[in-house]
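The values are calculated or read from the model by the stated rules, or taken from the named source; none is laboratory data. Just so we're clear, the structure is a prediction, and the values are computed from it rather than from any experiment. Because the Cβ atoms are built from the backbone with ideal geometry, glycine has one as well, and the counts that use them run over all protein chains shown.
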There are 2 protein chains.
Amino acid sequence: MGLIVQKFGGSSVANAERVMNVARIVTDTYAKGNDVVVVVSAQGDTTDDLIEKAKEINPNANKREMDMLLTAGEQISIALLSMAIEKLGYKAKSLLGWQAGFNTNSVYGSARIKKVDTKRIKLELQKKHIVVVAGFQGLNKYEDLTTLGRGGSDTSAVAIAAAMQADRCQIFTDVDGVYTADPRKVKGAVKLDEITYDEMLELATLGAQVLNNRSVEMAKKYNVVVEVLSSLERKPGTLVKETVKMEKMLVRGVTADKNVARISIIGVPNIPGIAYKIFGKLAAKNINVDIILQSVGRNDTKDITFTVAGDNAGEALEVLNTLDFLAGKTIECDNENVAKVSAVGAGMETHPGVAAKMFEALFEADINIQMISTSEIKISVLIDKKDADKAVNAVHDAFLPDSAD
Amino acid sequence: MGLIVQKFGGSSVANAERVMNVARIVTDTYAKGNDVVVVVSAQGDTTDDLIEKAKEINPNANKREMDMLLTAGEQISIALLSMAIEKLGYKAKSLLGWQAGFNTNSVYGSARIKKVDTKRIKLELQKKHIVVVAGFQGLNKYEDLTTLGRGGSDTSAVAIAAAMQADRCQIFTDVDGVYTADPRKVKGAVKLDEITYDEMLELATLGAQVLNNRSVEMAKKYNVVVEVLSSLERKPGTLVKETVKMEKMLVRGVTADKNVARISIIGVPNIPGIAYKIFGKLAAKNINVDIILQSVGRNDTKDITFTVAGDNAGEALEVLNTLDFLAGKTIECDNENVAKVSAVGAGMETHPGVAAKMFEALFEADINIQMISTSEIKISVLIDKKDADKAVNAVHDAFLPDSAD
């Protein structure tokens, strides 16, 4: 008995049959005595189809109008899911983002939630309705529709769970939880029962696309217990929460990110403020820089190498080309041949030697390390892309041998 | 220089090419120095497709959820049209029904407009935007989305024109105006330059599906000058207004309505209050009764015959079957073989002999008249459906011979 927020992505509601499947999950949860708020995304390819329609008319469409267009997608989903729930004999009420109280800032296409005013949701729950909320969308101070950007429905669900102090926020996906590594590539990968917010954040950043990072950050901030589980199989998933039961695992997961570009600037003047100017400009363009390596200055110049997401490499190069003090310098970009392999685990914070063990595993697998980055709960290495899967397996075997079948 | 409201139906915005065509009409109007508010319907088959999706999930879907579903259709149209207008170098802003200030009652599926609060529209016009409004939709006092029912976008356009005291409300369709008869069936049919609200109302009721009746009623009430014109050809259409220049036409148009059912109740008790009870019950179910014919009572019974729209025949029979005092009476319904042919014209009000001339024309064409109904500006006859086209031609030739080529 409690309040459960459930979120279903676009593939979970792609057609009538899947919408009915979601309705069954939702009504089963309700029938157990819970209040239920469901957050849904647009059906299957709806968003892509709408983007295509827009491109045909105006490839440079205004972002406000894009948000007006795309928010129609979730509107269709919430109406259909409500009909499906009612078909099963339960009462449902669909609410658009603005009806559900989502106030956002005005950055069309990637708005931030400022506040969720849950008055209407509470009213409908009091009336014993299952409340079906359109994810991904909100309203700004001009009373215009906004969207929250990629993965926005996860964020919508966690935001409602936070604002309503829900007992649990269940994110239904096409996988049944968070694994120690990609099970399609690592034989011994196992599903985790629990994982901390910080570990989940590192894994998400590193390419394990189970949960959107913003939603995990929000869950951490408001201490929302999130469960990642499958919409197709009825079994427990992985809980994401502040502290997890101690296990002997130093490393909770190993992951490879192949969407990486390495950019090197050769012969930068060896004077103060250069790094600040370069990375400040990149940050101003919202380009996240990951691993940074700066050579020890030789004579009066030094080399700076860093990684960005592969998608951002072109834009990053454009930014560098606008910087006067880099004029004439050699700038190299490798967007094809590198990958980042990371081991993540809250356990490593208090256990020295984790990095050494990882490097040893890579050495024994004959894999060359190009760059290294560490945080309290993560060690990442940049390696040749062709070695990525081998590297993940090697590191996984080193830290998680027990999880192999 | 003025304020023009323009309305485009679903077929006018069915694909990217047509959306661009509409954008050109709109921006040409704006470029001539006018403020422009555009009202659009859902694209082409969108509404039908959404209804199909709903039926697949729940054939008896709740009307509130149907409105939530269907309003997504116009939302897509307004975003795309705004993008098209901006592509042509003009500024546009799309507004949903509720953003445009449409307050309605709560009859989901066929809500009535209570008020249009034009604050937001005015604000956007002041900013020199072309304002693109979603037709067919509004918001009720519970802050839930509603739809205005069939032809609702016409009503939306006229309501904005009324509230803003627009100089003209242009309804773009796939015909280029209102004709004296259906030009596909009557060789001599000609386009009218002008027609009164009352004449337009009669024609609309009689099956000339150019303008939705509610929109004409509203235009009459608020004295909005409406123009019906083609979205494909650039030429003047037909003006609908209070008074029109006198012409020698007694009859403005002749039309046939084949969606008619004739229902007869044989041997009703010849006592007071019977008609009231029958037609009161039908009215309570929103079934419009048109021609009514009551036989002179023989002994202590009489026969009552009336017509309703063919679509309503089944429901009308159900209502009659619930009436105790009709139990055991013979009720006949002909939903297949009758049609109603009508001549409409404000001129006939002051000219006796119009009815006689119409009956003569029908007699000479060898057409039997089953029932007759007259109003100040209309004469309708119920005839055999197979004679409908011949009857329209005969009556048209009698009153409008000059318009033949």
message: For segment A:248-282, give me each residue that is touching a strand residue (DSSP E or B) at 6+ places or on another chain (Cβ under 8 Å), charged (D, E, K, R) and surrounded by fewer than 18 Cβ atoms within 10 Å (Cβ to Cβ).
response: A:Lys258
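Could you tell me which of the residues B:Val19, B:Val26, B:Val36 is within 13 Å of chain A (Cβ to nearest Cβ) and in contact (Cβ under 8 Å) with a residue 12 or more places away in the chain?
Details: B:Val26 fails: within 13 Å of chain A (Cβ to nearest Cβ); B:Val36 fails: within 13 Å of chain A (Cβ to nearest Cβ).
None of the other options fit; the residue is B:Val19.
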task: Go through segment A:191-224 and give me each residue that's at pLDDT 90 or above, under 20 Å from A:Ser156 (Cβ atoms) and surrounded by fewer than 17 Cβ atoms within 10 Å (Cβ to Cβ).
output: A:Glu217, A:Lys221, A:Tyr222, A:Asn223
message: Restricting to segment A:136-172, count the residues that are under 27 Å from A:Arg64 (Cα atoms) and not in a helix (DSSP H, G or I).
response: 16
message: Would you confirm whether or not segment B:46-64 contains a residue that is within 26 Å of B:Thr118 (Cα to Cα) and either more than 7 Å from chain A (Cβ to nearest Cβ) or surrounded by fewer than 18 Cβ atoms within 10 Å (Cβ to Cβ) (or both)?
response: yes
message: Which condition from (1) away from chain B (no Cβ under 14 Å); (2) out of contact with any strand residue (DSSP E or B) (no Cβ under 9 Å at 6 or more places or on another chain) is the one that A:Ile4 breaks?
response: (2)
field: segment B:79-135: number of residues that are part of a strand (DSSP E or B), within 11 Å of chain A (Cβ to nearest Cβ) and out of contact with any helix residue (DSSP H, G or I) (no Cβ under 8 Å at 6 or more places or on another chain)
entry: 0
message: Being touching a Phe, Trp or Tyr at 6+ places or on another chain (Cβ under 9 Å) and at pLDDT 95 or above is true for just one of B:Lys115, B:Lys127, B:Lys122. Which residue is that?
response: B:Lys115
field: Within segment B:290-327, considering residues that are in contact (Cβ under 8 Å) with a residue 40 or more places away in the chain and not hydrophobic (A, V, I, L, M, F, W, C), the one nearest to B:Asn270 (Cα to Cα)
entry: B:Thr305
- prompt: Just to be sure, is B:Ile367 part of a strand (DSSP E or B), without any contact (Cβ under 8 Å) to a residue 60 or more places away in the chain, buried (at least 18 other Cβ atoms within 10 Å of the Cβ) and hydrophobic (A, V, I, L, M, F, W, C)?
  reply: no
- request: Tally the residues that are at pLDDT below 95 and among the polar types (S, T, N, Q), restricting the search to segment B:36-45.
  value: 0
- request: Working carefully through the options A:Leu382, A:Leu317, A:Leu323, A:Leu362, find the one that is in contact with a Cys (Cβ under 8 Å, 6 or more places away or on another chain) and surrounded by 14 or more Cβ atoms within 10 Å (Cβ to Cβ).
  value: A:Leu317
- line: Here the qualifying pairs (Cβ atoms under 7 Å; residues six or more apart or on different chains; first in segment B:220-243 and more than 24 Å from B:Asp28 (Cα to Cα); second charged (D, E, K, R)) come out as B:Asn223/B:Glu242; B:Lys241/B:Glu194
- request: Could you figure out which of (1) of a type in the set (A, V, I, L, M); (2) more than 14 Å from every other protein chain (Cβ to nearest Cβ); (3) within 23 Å of A:Gln43 (Cα to Cα); (4) surrounded by 23 or more Cβ atoms within 10 Å (Cβ to Cβ) isn't true of A:Ala166?
  value: (3)
field: Qualifying position, being surrounded by fewer than 20 Cβ atoms within 10 Å (Cβ to Cβ), touching a Leu at 6+ places or on another chain (Cβ under 9 Å) and touching a residue at least 60 places away in the same chain (Cβ under 8 Å), among B:Leu125, B:Leu88, B:Leu70
entry: B:Leu125
field: Selection count where residues are modelled with pLDDT of 85 or more and more than 25 Å from B:Leu323 (Cα to Cα), scope segment B:241-295
entry: 11
